[in-house]
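Novice: Handing you this structure, nothing more for now.
The values are calculated or read from the model by the stated rules, or taken from the named source; none is laboratory data. As the structure is a computational prediction, the values presented were derived from the model and not from experiment. All Cβ positions, glycine included, derive from the backbone under ideal geometry; neighbour counts span all protein chains shown.
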Amino acid sequence: GAAELGPYRHYMQKEIFEQPRAIGDTLEGVTGIMPELFGDKAYDIFKKIDSVLILACGTSYYAGLTAKYWLESIAQIPVNVEIASEYRYRDSVPNPKALVVTISQSGETADTLAALKHARSMDMTNTLTICNVATSAMVRECALAYITRAGVEVGVASTKAFTTQLAALFLLTLTLAQVRGRLSEEQEATCLKAMRHLPVAISSVLALEPQIIAWAEEFARKENALFLGRGMHYPIALEGALKLKEISYIHAEAYPAGELKHGPLALVTEEMPVVTVAPNDALIEKLKSNMQEVRARGGQLYVFADADSKIASSEGLHVIRMPEHYGKLSPILHVIPLQLLAYHTALARGTDVDKPRNLAKSVTVE
Ligand code: G6P
């Protein structure tokens, strides 16, 4: 009811602004990296695995895609990420030494539960879930669990569940890195410090809301939008496009920026806003040349840069600067302005933000 919403107009907005608290709670009590965070048997299981298979749907699947970049880079373990509804029905080659990780806000998504059972039926019994509901079927069915503490999420479009999943997956990355002897004590300390800083960092990103509202006024008049990212920010571009299409009904798709020239560039006109996730990482120069390709076709660029990206606003190039450069944790911060952009665009279009047409919060039937 209205009392619960406090100063917010919708649950989605409230849940976006709850993220500092949700992440803080999810990481509460994490005083060091240790397998036991994932369950009593975690060390024995983590010790014997040789790869990771992530299974999920929707926004949770994009959390999995992001985690692949972290796990392969930091823990140096091979990772496959699969959409649960595909995995459960395709012929695949089982690997009993894989750690099967399901990601689910509700813990009741039919396809994800079925994908887990399918994996188990092929002798893949090392199972872990990252889940927001401790009493769910998913938690009961998995050998190991990490419970995110987002709290009840009401908005159909997932926000705080996503960022808490990412926090948990980063923790999993550090833990597997440690078990595999790839995490020095110094790295552990640095990473923990950066994680503990997340609530404050997120709060300063949320303060960008007025600038994002100004962009949303423009987006509300469009029928198409393209989202670009590279590396671990490609899944963040996917999530930004999903958020926009779910609640504003604007057709949106995301591309890894390097693929632009293999198709979507044909769609770029002055009518096409192109949202670019552009933190200052190893790929920034590549990304800048992708942006140039868009500008040359008259496309309007809306860029989320960070403190060090060295991209300035100019004709057809709009820049919102993120307060800091967040290193490996950057995806958790960069998704937040995309959530706000989708929210305010939907608000400007007058759609039913918390209950978008044809969609359900939890898909418990196939
Ligand atoms: C539905 C929801 C999404 C969610 C997906 C997976 O489509 O609208 O927000 O990402 O289900 O749900 P889960 O509970 O398994 O994360």
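Novice: Please go through the range 189-198 and give me each residue that is surrounded by 17 or more Cβ atoms within 10 Å (Cβ to Cβ) and more than 18 Å from the chain's Cα centre (by Cα), ordered by number. Write out each step before concluding.
Specialist: So the first thing to find is which residues in the range 189-198 are surrounded by 17 or more Cβ atoms within 10 Å (Cβ to Cβ), and the list is 191-192, 195, 198.
If the condition is that a residue be surrounded by 17 or more Cβ atoms within 10 Å (Cβ to Cβ) and more than 18 Å from the chain's Cα centre (by Cα), then CYS191, LEU192 are the ones that fit.
Novice: Return the residue satisfying two criteria in turn: it lies in the range 317-366 and is charged (D, E, K, R) and away from the ligand (no atom under 14 Å from the Cβ), and of such residues it is nearest to HIS197 (Cα to Cα).
Specialist: Of everything passing the filter in the range 317-366, GLU324 is nearest to HIS197 (Cα to Cα).
Novice: Something else: Please enumerate the residues belonging to the range 19-60 that are of a type outside the set (Lys, Arg), under 14 Å from THR163 (Cα atoms) and more than 16 Å from the ligand (Cβ to nearest atom).
Specialist: Of everything in the range 19-60, those that are of a type outside the set (Lys, Arg), under 14 Å from THR163 (Cα atoms) and more than 16 Å from the ligand (Cβ to nearest atom) turn out to be PRO20, ILE23, GLY24, ASP25, LEU27.
Novice: Also: Applying the selection to the range 105-148, what residues are part of a loop (DSSP other than H, G, I, E, B) and away from the ligand (no atom under 15 Å from the Cβ)?
Specialist: Let us first name the residues in the range 105-148 that are part of a loop (DSSP other than H, G, I, E, B), namely 105-109, 122-126, 132-136, 142-143, 148.
Matches in the range 105-148: MET122, ASP123, MET124, THR125, ASN126, ALA143.
Novice: Checking the structure you have, find out if any residue of the range 195-204 is charged (D, E, K, R) and either assigned to a loop (DSSP other than H, G, I, E, B) or modelled with pLDDT under 95 (or both).
Specialist: The answer is no; no qualifying residue exists.
Novice: Output yes when any residue across the range 292-312 is more than 19 Å from ILE236 (Cα to Cα), at pLDDT below 90 and either of a type in the set (Ser, Thr, Tyr) or within 16 Å of the ligand (Cβ to nearest atom) (or both), and no when none is.
Specialist: no
Novice: Then there's this: Could you tell me which of the residues SER248, SER184 is in contact (Cβ under 8 Å) with a residue 40 or more places away in the chain and hydroxyl-bearing (Ser, Thr, Tyr)? Quick ask: steps written out before the conclusion?
Specialist: Numbers: SER184 fails: in contact (Cβ under 8 Å) with a residue 40 or more places away in the chain.
Going through SER248, SER184 in turn, the sole match is SER248.
Novice: Let me ask you something else. I'd like to know if the range 19-27 contains one or more residues that are in a loop (DSSP other than H, G, I, E, B), in contact (Cβ under 8 Å) with a residue 12 or more places away in the chain and either in contact with a Leu (Cβ under 8 Å, 6 or more places away or on another chain) or surrounded by fewer than 13 Cβ atoms within 10 Å (Cβ to Cβ) (or both).
Specialist: yes
Novice: Still on this structure: Being touching a helix residue (DSSP H, G or I) at 6+ places or on another chain (Cβ under 7 Å), within 15 Å of VAL100 (Cβ to Cβ) and in contact (Cβ under 8 Å) with a residue 40 or more places away in the chain: is that true of ILE16 here?
Specialist: Criteria not met by ILE16.
Novice: Only residues that are closer than 27 Å to LYS117 by Cβ, within 15 Å of the ligand (Cβ to nearest atom) and in contact with a Lys or Arg (Cβ under 8 Å, 6 or more places away or on another chain): list them for the range 149-186, please.
Specialist: ALA150, GLU153, VAL156, THR164
Novice: Here is a list of conditions, (1) surrounded by 22 or more Cβ atoms within 10 Å (Cβ to Cβ); (2) in contact with a Ser or Thr (Cβ under 7 Å, 6 or more places away or on another chain), and TYR249 meets all of them except one; can you say which number that is?
Specialist: The one condition TYR249 does not meet is (1).
Novice: Taking the range 296-347 as the region of interest, how many residues are assigned to a strand (DSSP E or B) and under 19 Å from the mean Cα position of the chain (by Cα)?
Specialist: 3
Novice: Is there a residue in the range 49-64 that is surrounded by fewer than 23 Cβ atoms within 10 Å (Cβ to Cβ), of a type in the set (A, V, I, L, M) and touching a residue at least 40 places away in the same chain (Cβ under 8 Å)?
Specialist: Yes; the residues of the range 49-64 include at least one that is surrounded by fewer than 23 Cβ atoms within 10 Å (Cβ to Cβ), of a type in the set (A, V, I, L, M) and touching a residue at least 40 places away in the same chain (Cβ under 8 Å).
Novice: Also, quick follow-up: If you check GLY64 against the conditions, is it within 14 Å of the ligand (Cβ to nearest atom) and in a loop (DSSP other than H, G, I, E, B)?
Specialist: no
Novice: Determine if the range 199-210 includes at least one residue that is surrounded by 15 or more Cβ atoms within 10 Å (Cβ to Cβ) and touching a strand residue (DSSP E or B) at 6+ places or on another chain (Cβ under 9 Å).
Specialist: yes
Novice: Of the residues that sit in the range 88-104 and are assigned to a strand (DSSP E or B) and aliphatic (A, V, I, L, M), which one is farthest from the ligand (Cβ to nearest atom)? Spell out how you get there, then give the answer.
Specialist: Let us first name the residues in the range 88-104 that are assigned to a strand (DSSP E or B), namely 98-104.
Filter again for aliphatic (A, V, I, L, M), leaving 98-101, 103.
On the way: ALA98: 20, LEU99: 19, VAL100: 15, VAL101: 13, ILE103: 7 Å.
Among them, the one singled out is ALA98.
Novice: Right, next: On the given criteria, is LEU144 crowded, with 19+ Cβ neighbours inside 10 Å, within 21 Å of ASN80 (Cα to Cα) and under 15 Å from the mean Cα position of the chain (by Cα)?
Specialist: It is false that LEU144 is crowded, with 19+ Cβ neighbours inside 10 Å, within 21 Å of ASN80 (Cα to Cα) and under 15 Å from the mean Cα position of the chain (by Cα).
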